[in-house]
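The values are calculated or read from the model by the stated rules, or taken from the named source; none is laboratory data. These figures come from a predicted structure and were not determined experimentally. No Cβ is skipped: glycine too gets one built from the backbone with ideal geometry, and neighbour counts run over all protein chains shown. Note: areas computed on protein heavy atoms with side chains; ligands, DNA, RNA excluded. Shrake-Rupley method; radii C 1.70, N 1.55, O 1.52, S 1.80 Å.
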Amino acid sequence: MNPQAFQPTPEQQAVIGHEGSAFVTACPGAGKTRVMTERARRLFSDMPAGRGVAFLSFTQGAIFELETRLQEERILPSPVFPSFIGTFDSFVWQFLVAPFGVKDCDARPRLIADLADLAVTPFRGAHPLPLSCFCPVTGNIFEQAAKVRGFDVSQKPAHLVQAYVTAAAAIRARLRERGQLGFDEARGVALERLKDAGAAPRIAAALVGRFREVIVDEAQDCNPDDLHVISWLRDSGLPVKVVCDPHQSIYEFRGGVTDQLFTFAETFGEGNRKTLTGNFRSAPNVCKSIAQLRPPASRMAPDEPLGPYKDDATPIRILSYPGTAVPASIGAAFCAYVKEADIDPALSPLIAATRASGAAAAGQPRPSNRRDRAVRLAEAVTDFYFAAGFNDMKSAIDQVHQILLELEGRLGDLSYRQYLADNEIEQANWRPHVLFLLRALRFDPSKHADAKAWHAAAKDLLAQHLTLGDGPSLSQRLKWNDAVAAALAAVPAATAMPRTIHAVKGMEFPAVCVVTTASTLKSILDYLETGEPADKAEDARKLYVASSRAEKLLVIAAPKSQADRLATYLRGQGAAVEVKEI
């Protein structure tokens with residue numbers, strides 16, 4: 001779409017032309033990237049020398065999309081300075097942490113991406129919890145995050161909970177002495193700096209002098225600390241545009257905000273609260289369905305379909321499956337619908353809350369969560385060849401590299417990212433080699449009689465490429481485990497690929513199949529109908545996020561016990577819904 005062809009709606013124009021701070025609530029498919037692009041065009045049209053705009057979001061994907069659009073339309077200057085475009089984490093690091101160092105620490109501060117994954121175990125044999133389960137400011141356990149990982153704080157004695165809190169604090173203290181900070185710890189250091197009566201005003205003055213405006217996209221992904229930073233920027237005199245859809249907040253497990261976001265919106269004057277309700281992505285029946293998936297207190301008329309599918313009458317399809325286990329027949333039935341609609345199956349994901357549910361629906365190996373290196377290697381190889389996008393592929397490559405370092409005994413008690421940072425190892429130095437090994441490790445039934453044959457071939461290959469030194473043999477370090485067989489799969493033909501809800505957030509597809517389970521769908525419908533149980537609000541938001549990715553065809557796989565109930569509920573805003581038993 002070129003700028004001459006773009007005809008903004010009145011709502012879009014109100015955001016593009018708004019001067020000063022604003023809180024913008026945008027529905028799915030509202031054309032946020034186009035609106036931000038046009039806002040940037042306006043700002044840069046009369047930009048004073050030496051000033052720029054800060055564009056912030058919470059995922060690399062969102063930043064990449066916006067940066068690509070700004071560069072394609074030659075709006076973003078080259079070099080970008082004095083403007084800034086990057087994640088909220090990178091902004092906090094660059095302007096509030098890195099230039100000043102860490103209090104009471106002489107070491108140069110370094111941001112280590114995976115410190116949040118470090119295991120907290122207060123004593124030998126204790127249930128491990130990742131460091132991300134502990135608040136970097138108060139030190140307290142995030143109860144929901146811990147519960148997801150099998151540690152229910154409400155059922156544990158106080159002395160045990162305190163032992164975990166103490167152990168996590170000790171880990172953070174050791175890391176801080178070395179100047180090593182994770183994203184959460186960096187945010188804590190930034191908040192300390194904002195409380196410094198001497199430093200904070202000078203930092204604010206510098207930022208106001210450099211940036212004409214700060215645009216924060218996808219703000220529903222922030223946490224309370226992020227809101228504090230955003231408030232400080234605004235109150236320091238920087239015009240801040242906050243763009244979000246509060247109903248897409250699905251990061252409660254890491255301290256994300258929902259109700260706090262609605263409260264934060266109220267701190268903007270009425271004239272500074274804007275809405276975008278035109279949906280340029282989805283067909284009418286999809287718009288009606290996702291309107292029904294908003295909580296009772298926020299439900300309103302469906303967003304107006306304005307895009308290329310605005311006149312499309314494709315009904316919502318519900319695949320009713322028997323029993324409680326997610327069957328592979330879901331993937332087959334979904335692909336039949338996709339091909340009937342003349343849509344490429346490779347562009348039509350199966351979306352589920354967990355990797356396990358998505359894999360089951362696609363008939364693919366399920367992740368085992370085992371720590372055995374042979375199993376993890378097999379899963380990483382399979383994930384690489386089943387990758388549905390760059391991020392999935394990159395994750396598999398990193399996982400193989402980490403396993404290789406473990407086999408060589410290089411990590412010790414360091415996390416993977418700590419090791420890379422301490423040894424200043426660049427991706428370009430190891431990634432080509434890992435890619436070579438991944439291609440050689442591909443499971444091929446014509447070459448490998450079974451999983452044991454693949455395991456033997458993998459050991460032979462790695463023996464030629466690893467430096468083991470003294471100690472256990474490679475066979476001892478990469479022991480056979482029966483779970484390897486379940487982790488391996490031949491490279492798939494073009495078909496619907498499983499993706500998690502968190503992985504597809506911010507994306508759109510011509511067709512999607514949302515996989516629900518017997519353990520969650522009933523309580524989600526209870527919540528949507530009555531507002532209770534309140535602790536199922538985030539599960540409902542996940543269903544909303546997944547369903548709103550669909551442009552034309554929305555399919556929802558539901559257990560038979562809830563399928564008709566779901567159909568009746570989605571028809572509440574007038575959507576056409578069909579149910580098919582599989």
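Could you tell me how many of the residues in segment 64-84 are outside any helix (DSSP H, G or I) and open to solvent by 30 Å² or more (accessible area, probe 1.4 Å)?
Matching residues across segment 64-84 total 7.
Residue check, Val326 against (1) free of Cβ contacts under 8 Å to residues at least 40 places away in the same chain; (2) assigned to a loop (DSSP other than H, G, I, E, B); (3) of a type in the set (A, V, I, L, M), all met but one. Which one?
With (1) free of Cβ contacts under 8 Å to residues at least 40 places away in the same chain; (2) assigned to a loop (DSSP other than H, G, I, E, B); (3) of a type in the set (A, V, I, L, M) applied to Val326, the lone miss is (1).
Quick test of your reading of the structure: Ser368 fulfils all but one of (1) assigned to a loop (DSSP other than H, G, I, E, B); (2) open to solvent by less than 10 Å² (accessible area, probe 1.4 Å). Name the failing condition by number.
Condition (2) is where Ser368 drops out.
Out of all the residues in segment 281-289, is one or more in contact with a helix residue (DSSP H, G or I) (Cβ under 8 Å, 6 or more places away or on another chain), over 23 Å from Glu213 (Cα atoms), open to solvent by less than 10 Å² (accessible area, probe 1.4 Å) and not in a loop (DSSP other than H, G, I, E, B)?
For segment 281-289, residues in contact with a helix residue (DSSP H, G or I) (Cβ under 8 Å, 6 or more places away or on another chain), over 23 Å from Glu213 (Cα atoms), open to solvent by less than 10 Å² (accessible area, probe 1.4 Å) and not in a loop (DSSP other than H, G, I, E, B): present.
Filter segment 495-526 for residues that are of a type outside the set (Val, Ile, Thr) and without any contact (Cβ under 8 Å) to a residue 40 or more places away in the chain; which is farthest from Thr382 (Cα to Cα)?
Across segment 495-526, the extreme among qualifying residues is Asp526.
Say we look at segment 23-44 and pick out the residues that are buried (at least 21 other Cβ atoms within 10 Å of the Cβ) and among the aliphatic types (A, V, I, L, M); which of these is farthest from the chain's Cα centre (by Cα)?
Ala40
For segment 514-525, which residues satisfy the criterion of being more than 19 Å from Gln144 (Cβ to Cβ) and either acidic (Asp, Glu) or open to solvent by 40 Å² or more (accessible area, probe 1.4 Å) (or both)?
Lys522
Keeping to segment 170-196, report how many residues are in a helix (DSSP H, G or I), among the aliphatic types (A, V, I, L, M) and under 13 Å from Leu115 (Cα atoms).
4
Return a yes/no flag: does segment 119-130 have any residue that is at pLDDT 90 or above, touching a His at 6+ places or on another chain (Cβ under 8 Å) and of a type in the set (S, T, N, Q).
Checked segment 119-130: at least one residue is at pLDDT 90 or above, touching a His at 6+ places or on another chain (Cβ under 8 Å) and of a type in the set (S, T, N, Q).
So that you can scan it fast, the table gives a plain yes or no per residue for (1) within 23 Å of Lys505 (Cα to Cα); (2) modelled with pLDDT of 95 or more; (3) in contact with a helix residue (DSSP H, G or I) (Cβ under 7 Å, 6 or more places away or on another chain):
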position	(1), (2), (3)
Ile16	no, yes, yes
Leu43	no, yes, no
Phe55	yes, yes, yes
Leu111	no, no, yes
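Just to be sure I understand the filter: pairs with C-beta atoms under 9 Å, separated by 6 or more residues or on different chains, first member in segment 413-439 and free of Cβ contacts under 8 Å to residues at least 40 places away in the same chain, second member open to solvent by 50 Å² or more (accessible area, probe 1.4 Å) and among the polar types (S, T, N, Q). Which pairs pass?
Partner pairs satisfying both residue conditions: Leu420/Gln427.
Can we say Tyr321 is closer than 26 Å to Gly363 by Cα, among the hydroxyl-bearing types (Ser, Thr, Tyr) and crowded, with 22+ Cβ neighbours inside 10 Å?
yes
Under 8 Å between Cβ atoms, at least 6 apart or on separate chains: pull out the pairs that start in segment 360-377 with a residue that is over 24 Å from Pro327 (Cβ atoms) and in contact (Cβ under 8 Å) with a residue 12 or more places away in the chain and end on any residue that is open to solvent by 30 Å² or more (accessible area, probe 1.4 Å) and of a type in the set (Asp, Glu).
Every condition considered, the pairs that remain are Arg373/Glu406.
Just checking, how many residues over segment 118-159 are in a helix (DSSP H, G or I), of a type outside the set (Val, Ile, Thr) and surrounded by 13 or more Cβ atoms within 10 Å (Cβ to Cβ)?
8
Can Phe91 be described as over 26 Å from Thr166 (Cβ atoms) and buried (at least 18 other Cβ atoms within 10 Å of the Cβ)?
yes
Which ones in segment 303-316 are in contact with a strand residue (DSSP E or B) (Cβ under 9 Å, 6 or more places away or on another chain) and surrounded by fewer than 22 Cβ atoms within 10 Å (Cβ to Cβ)?
Glu304, Leu306, Gly307, Pro308, Lys310, Asp311, Asp312, Thr314, Pro315
Quick one: in segment 527-548, which of the residues that are assigned to a helix (DSSP H, G or I) and free of Cβ contacts under 8 Å to residues at least 40 places away in the same chain is most open to solvent (accessible area, probe 1.4 Å)?
The extreme case among them is Asp535.
Of everything in segment 425-444 that's among the hydrophobic types (A, V, I, L, M, F, W, C), part of a helix (DSSP H, G or I) and under 22 Å from Ala490 (Cα atoms), which residue is most open to solvent (accessible area, probe 1.4 Å)?
Phe436
Looking at (1) in a loop (DSSP other than H, G, I, E, B); (2) open to solvent by less than 80 Å² (accessible area, probe 1.4 Å); (3) not small (Gly, Ala, Ser), can you tell me which one Leu207 breaks?
That leaves (1) as the condition not met.
State which residue is farthest from Thr467 (Cα to Cα) when the search covers only segment 376-424 and only residues that are open to solvent by less than 20 Å² (accessible area, probe 1.4 Å), of a type in the set (S, T, N, Q) and part of a helix (DSSP H, G or I).
Among those that are open to solvent by less than 20 Å² (accessible area, probe 1.4 Å), of a type in the set (S, T, N, Q) and part of a helix (DSSP H, G or I), it is Thr382.
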